[in-house]
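First the structure, in the form of structure tokens, and then the observations on it.
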Amino acid sequence: MKDFIKEGPTVTMFVPYDCNNCCPFCVNKEDYRDTSSFNLDRCYRSLDLLDKILPHNDIVLTGGEPLADLDALQDILDHIKDGHHVYINTTLPTNENQDIHRVAAVLNKNKDKISCINVSRHLKHYVKECSDEIFGLLEVPHRINCVIFQDATDADTKEKLLKVLDRFSGHEIQLRANYSKLTLDNVFDTEHDDLFKLIDSIAEYKGQLEKELFRTGFLFQLGDSRITYHKTLPYSKINGKIGDIIIRQTGEIYDDWNNYGEEMTLNSLTL
């Protein structure tokens, strides 16, 4: 683990590569409908600027799909300077040009740079999933990221969740709430949270993770699996405080997600 403490808001970079998926809970998809202004060089200039201001913040590569082009991913990772925890949100896509062995090789090559890979695997197959054999090949820390979009009170939801937990037994699993239903009033609530109650009926509750302004989490244990239930708001700027700085696929820097965000000035970045 890198021996520095994160300083400042997370920088989340939307890579300029679409995922060609249509997950119903995705808050980024609208940004990928018109790719004509996407520019990786401008993204790099924004990363360089933010590195000077925030040399020890977390960097998240999301999309879209960071692993859509493995050569481009390597270039992006090479460009990120040391001093950051780097996280990647991905579906681990494979195709005729990149099988699971090539994907694993690229990620393993960067195991000292990548802090964790969040791998999307959900109750319903919204994406084309590669063989689970890939998890045995990975040397980089990773966890399964599962958004529960379905009604948590439905018996079918519980059955499908149990199958996912059994499938990935022994892995760290992050269960995530449907962002579109979260507000400042319910993001910290458990008493009226049907998904919390569902997970609590399946796994042993260990306690709440550190509460933040924009998100909170709860820890459970099921056999060898560490399970977290993660609730985060669909925006990251509250009462002027910024939790995530967004680098759009165009290279423009925003203070919040998608329709909530406004372009940031250099002054706002240094306050």
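The values are calculated or read from the model by the stated rules, or taken from the named source; none is laboratory data. As the structure is a prediction and not an experimental result, all values here were calculated from the model. Backbone-built Cβ (ideal geometry, glycine too); neighbour counts: all protein chains shown. In case anyone asks, the SASA skips ligands and DNA or RNA and just uses the protein heavy atoms, side chains included. Shrake-Rupley method; radii C 1.70, N 1.55, O 1.52, S 1.80 Å.
Tell me, which residue of region 5-23 that is touching a residue at least 60 places away in the same chain (Cβ under 8 Å) and hydrophobic (A, V, I, L, M, F, W, C) is surrounded by the fewest Cβ atoms within 10 Å (Cβ to Cβ)?
Going through the qualifying residues, I end up with CYS22.
When region 120-157 is examined, which residues are found to be open to solvent by 10 Å² or more (accessible area, probe 1.4 Å), in a strand (DSSP E or B) and not hydroxyl-bearing (Ser, Thr, Tyr)?
HIS142, ARG143, ASN145
Filter region 24-54 for residues that are under 19 Å from the mean Cα position of the chain (by Cα) and open to solvent by 30 Å² or more (accessible area, probe 1.4 Å); which is farthest from ASP151 (Cα to Cα)?
ASP31
What's the number of the only condition in (1) without any contact (Cβ under 8 Å) to a residue 40 or more places away in the chain; (2) in a loop (DSSP other than H, G, I, E, B) that CYS116 fails to meet?
(2)
One line per residue, one yes/no per condition, for (1) part of a loop (DSSP other than H, G, I, E, B); (2) more than 27 Å from MET264 (Cβ to Cβ); (3) of a type in the set (A, V, I, L, M, F, W, C):
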site: CYS19; (1), (2), (3): yes, no, yes
site: PRO24; (1), (2), (3): yes, yes, no
site: ARG102; (1), (2), (3): no, yes, no
site: ASP112; (1), (2), (3): yes, yes, no
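(1) open to solvent by 10 Å² or more (accessible area, probe 1.4 Å); (2) over 19 Å from ILE5 (Cα atoms); (3) of a type outside the set (Ser, Thr, Tyr); (4) without any contact (Cβ under 8 Å) to a residue 60 or more places away in the chain: which one isn't true of GLY64, the others all being true?
Condition (4) is where GLY64 drops out.
Identify, by number, the condition in (1) touching a strand residue (DSSP E or B) at 6+ places or on another chain (Cβ under 8 Å); (2) under 22 Å from LEU107 (Cβ atoms); (3) not β-branched (Val, Ile, Thr) that ASP75 doesn't meet.
(1)
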